[in-house]
Amino acid sequence: MNRKALILLLVILGFLFTLTPLLAQDPDAEPPGDEQGVEASGSEGEADSGNEADEGGALDETESAPVDEIAPVFDPSDVHIPENIILEDLPMDKGNAVALSWDLAPFDFVVEKEGVKNGEILHHYIFLINGSDIIEYSNVAKAVKLMSDSPQFWGFDDNLASRKWLLFEGFEVNEEVTLQIGVVQPELEEAFGAARDNLAAINKLNAENVNKHQNLALEKMRRKRPTKISELEAEIAGLEESIASLGYTPEEAETEWNDIKSKLFYFPQVHKTVTKTGWFNPVKTNNLIFGFLFGAVILWFISRARKDPNLFIRRISGLEAVDEAIGRATEMGKPILYLTGMTTLADLATLAAINILGEVAKKVAEYESGMIVPCRDPVVMTVNQETVKEAYTEAGRPDHYNEDSVFFLTEDQFSYTASVSGIMLRDKPAAIFFMGYYYAESLLLAETGSMTGAIQIAGTDSLAQLPFFITACDYTLIGEELYAASAYLSREPLLLGSLKGQDVGKLFLMAVILFGTLIVSLGTWFNVDGFDFIQHYLTAL
Amino acid sequence: MATFFRKQLPILLAFVFGMTMLIRYYVPHPISEQIYNEFIKWVIIIAGFAAILGILSLLHYHWNKIKRRQPGYGFSFVTYIAFFTMLVVGLISGSISETGSPLEAGTGFHWMYINLMVPMQSTMFAILGFFVASAAFRAFRARNPEATLLLIAAILVMLGRVPLGEAIWGSFPTISDWILNVLNMSGQRGILLGVGLSQIAMALRILFGIERTYMGGGD
């Protein structure tokens, strides 16, 4: 069996394998609407599958017992207080947050609705932080997640799927944080809501008023716009009228709020912890180990390349065409146009584009052809100028370097596109290079270039723009080929060595993906829980 | 000494700052964030000075075009007029605006930006619609088996993305999603993995001074 047939067979097998879920669907199956209804109420805690029958019954009861019909009478023993509450420092953070976790309970599913479930009254939970700040549970309920949803903090453990957690931020490092859980008694709900809203309303108006006064003072100091001054004065008068119409002062609102806070019911247990930080984030250990190993492999291949510079590297047709493109430009007496992308030097794709520019400029200098390099970023322009100048010097043609060949256009995306399109149409370059990272302008540039009849070579790692370049250009360097280009063109053994190291990294990743796919598939088909452990660690990788 | 400033010092700086940023990725301590924020400020300052270089380059380029009467030098006049008009109006607008920003609503600069720049940018972006059509026409010609496959996939995805497709056959959206989420996604992830590894390798080459082209040439 030849290689092509083998590849075709693998593609067909892969196709059938991925098609399996589609074929497995029963066309006569009931639409999942009804089931989703039940699951949606429990979507926050999918792990609790044991109570499905009770849940269904509970929903029926909920529907038949409107909230209004039950008179809420407060009794602390009626209140569901979450079990196994732990307040702890949020691990792997910068030391400004704490986490509160508790065992998953049935009321966790519907708490945001505040009402009745299973015939029991759900109360309005609050958290008293450091004895003064109150955070309401009902406001954050939708943000409450299972601990297993956040492995970046809690790692992987099956028990985490049955614990919920909340994040509290805004503390200092090494600050002692206390937290007390409380309940708003039903008879105080209205007063609590009013006091909270009153304070918020007057604080908002006051802040706006202060801001307007500051602007007015600034405007009076400048003495340039009398109309603006009168506008601001009118706005301030309106704001003060609104404040007066509230019928209470900020101090009174504050007193009312503190008064209601002191009347709320607090469970006696005070949870305490101290915020901490660290010098190493253990969650990133896998990343660090892989980085070290990969780096070591690359450095080993580089050192090997010093001894044996004859390393094989597969043919990249887009780069083979560079000589052809520059030769054509020389024959036609036209310049080549080279773009280094839309991003700054902080993007590695731009650096890769500049590396290729050096090699291309060297060949342009040797052929004594012309070159145009319009830039979008001034820093990139400076580096491009140096690169091209150095390339001309290395090629032994420093006198042919033209200072005007590398220049800045604009940082605005579409102004740059319009300007480069204009250069293409006026100067009719014989070859155009699109290297680096591009956004929506990729097709505008490549299509305009295509209309001029130039040979076009593109190279990008922007997945969204690759199809456009492949369509409109003669050759396209896809993803990693862009980064391999400088090594390929220069044939520098040290650079080629690093490409070999990359291949080993790729082989490793392919093996991990294959292994992971097999483990997940076997675990699913045979319903073996033991595979979860491997699955989790592969996910972490 | 000149070689030191031209070659060794940039490599040393690239190594020190590159390693600092690499290490801070693993350090959750607030100091790590402070260092990062400090470096970002330096970048902004450097970019500010570089902007002056950029403007000088632009003006120099167009001045030479006018001086040498190169083809299309009339556009260079337009560039000069537009540049200085926006500069002057921007300076005046900034001095009279409430916040000191020329982009504040009601200023001349803001008016020019909204009524000149934005429509021109929108025009350029709108041309994309026509270019997509012409590129699609070229890409979807069934010249060989691969191009035919591409054409079929494109038709299925397009039918799955529009209400008309769903009205014709309810399974079009499912097929479209499958093509995008299985076939297309696997290809994309393959490319992304290759790009990720290449970027790590390139970063190492730059950190250890093996790759020096970005400094303006080889050894």
Assess whether B:Gly190 counts as being under 30 Å from A:Leu494 (Cα atoms), in a helix (DSSP H, G or I) and in contact with a Lys or Arg (Cβ under 9 Å, 6 or more places away or on another chain).
no
B:Glu211 fails exactly one of (1) of a type outside the set (A, V, I, L, M, F, W, C); (2) assigned to a helix (DSSP H, G or I); (3) touching a Lys or Arg at 6+ places or on another chain (Cβ under 6 Å), namely (2)
Tally, over segment A:353-383, of residues that are closer than 18 Å to A:Leu445 by Cα and small (Gly, Ala, Ser):
1
Test result for A:Lys212, free of Cβ contacts under 8 Å to residues at least 24 places away in the same chain and either in contact with an Asp or Glu (Cβ under 7 Å, 6 or more places away or on another chain) or assigned to a helix (DSSP H, G or I) (or both):
no
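Going through segment A:192-212 one residue at a time, which ones are within 14 Å of another protein chain (Cβ to nearest Cβ) and loosely packed, with under 14 Cβ neighbours inside 10 Å?
Our first condition is that a residue be within 14 Å of another protein chain (Cβ to nearest Cβ); within segment A:192-212, this holds for A:211-212.
Once the filter is applied, which keeps residues that are within 14 Å of another protein chain (Cβ to nearest Cβ) and loosely packed, with under 14 Cβ neighbours inside 10 Å, segment A:192-212 yields only A:Asn211.
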Out of the residues in segment A:485-504 that are facing another protein chain (nearest Cβ under 7 Å) and under 23 Å from A:Ala391 (Cβ atoms), which is surrounded by the fewest Cβ atoms within 10 Å (Cβ to Cβ)?
A:Leu494
Among (1) assigned to a helix (DSSP H, G or I); (2) surrounded by 13 or more Cβ atoms within 10 Å (Cβ to Cβ), there is one condition A:Val173 misses while meeting the rest; what is its number?
(1)
A:Gly453 being buried (at least 17 other Cβ atoms within 10 Å of the Cβ) and either acidic (Asp, Glu) or modelled with pLDDT of 85 or more (or both):
no
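Matching residues to (1) touching a Lys or Arg at 6+ places or on another chain (Cβ under 6 Å); (2) in a helix (DSSP H, G or I); (3) under 18 Å from A:Asn402 (Cα atoms); (4) more than 13 Å from chain B (Cβ to nearest Cβ):
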residue	(1), (2), (3), (4)
A:Arg328	no, yes, no, yes
A:Leu345	no, no, no, no
A:Pro374	no, no, yes, no
A:Val380	no, yes, yes, no
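Test A:Asp461 against the criterion of being surrounded by 20 or more Cβ atoms within 10 Å (Cβ to Cβ), within 10 Å of chain B (Cβ to nearest Cβ) and acidic (Asp, Glu), and give yes or no.
In short, yes.
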Filter segment B:23-81 down to residues that are assigned to a loop (DSSP other than H, G, I, E, B) and over 30 Å from A:Lys284 (Cβ atoms) and give me whichever is farthest from the other protein chains (Cβ to nearest Cβ).
B:Arg69
Tell me which residues, restricted to segment A:491-524, are assigned to a loop (DSSP other than H, G, I, E, B) and among the basic types (Lys, Arg).
A:Arg491
Could you count how many residues in segment A:331-348 are buried (at least 20 other Cβ atoms within 10 Å of the Cβ) and either acidic (Asp, Glu) or farther than 8 Å from A:Gly436 by Cβ (or both)?
5
Residues of segment A:415-424 being crowded, with 22+ Cβ neighbours inside 10 Å and within 9 Å of chain B (Cβ to nearest Cβ), which ones?
A:Thr417
Within the group B:Ile179, B:Ile206, B:Ile200, which residue is under 24 Å from A:Ile302 (Cβ atoms), part of a helix (DSSP H, G or I) and in contact (Cβ under 8 Å) with a residue 12 or more places away in the chain?
B:Ile206
When residues of segment A:385-412 are limited to those that are crowded, with 21+ Cβ neighbours inside 10 Å and more than 9 Å from chain B (Cβ to nearest Cβ), the one nearest to the chain's Cα centre (by Cα)
A:Ser405
Considering only segment A:285-300, how many residues are surrounded by 15 or more Cβ atoms within 10 Å (Cβ to Cβ) and either more than 10 Å from every other protein chain (Cβ to nearest Cβ) or in contact (Cβ under 8 Å) with a residue 24 or more places away in the chain (or both)?
5
Taking the stated definitions as given, is B:Ile155 among the aliphatic types (A, V, I, L, M) and at the interface with chain A (Cβ under 10 Å from one of its Cβ atoms)?
no
The condition from (1) assigned to a helix (DSSP H, G or I); (2) more than 14 Å from chain B (Cβ to nearest Cβ) that A:Ser303 misses is numbered (2)
I need the full set of residues from segment B:139-170 which are surrounded by fewer than 16 Cβ atoms within 10 Å (Cβ to Cβ) and part of a loop (DSSP other than H, G, I, E, B), in order please.
B:Arg141, B:Ala142, B:Arg143, B:Asn144, B:Val162, B:Trp169, B:Gly170
Restricting the search to segment A:215-232, which residues are assigned to a helix (DSSP H, G or I) and within 11 Å of chain B (Cβ to nearest Cβ)?
A:Asn215, A:Leu216, A:Leu218, A:Glu219, A:Arg222, A:Thr227, A:Lys228, A:Ile229, A:Glu231, A:Leu232
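The values are calculated or read from the model by the stated rules, or taken from the named source; none is laboratory data. All figures in this text were calculated on a predicted structure; none of them were measured in a lab. Here Cβ is always computed from backbone atoms with ideal geometry, including for glycine, and neighbour counts include all displayed protein chains.
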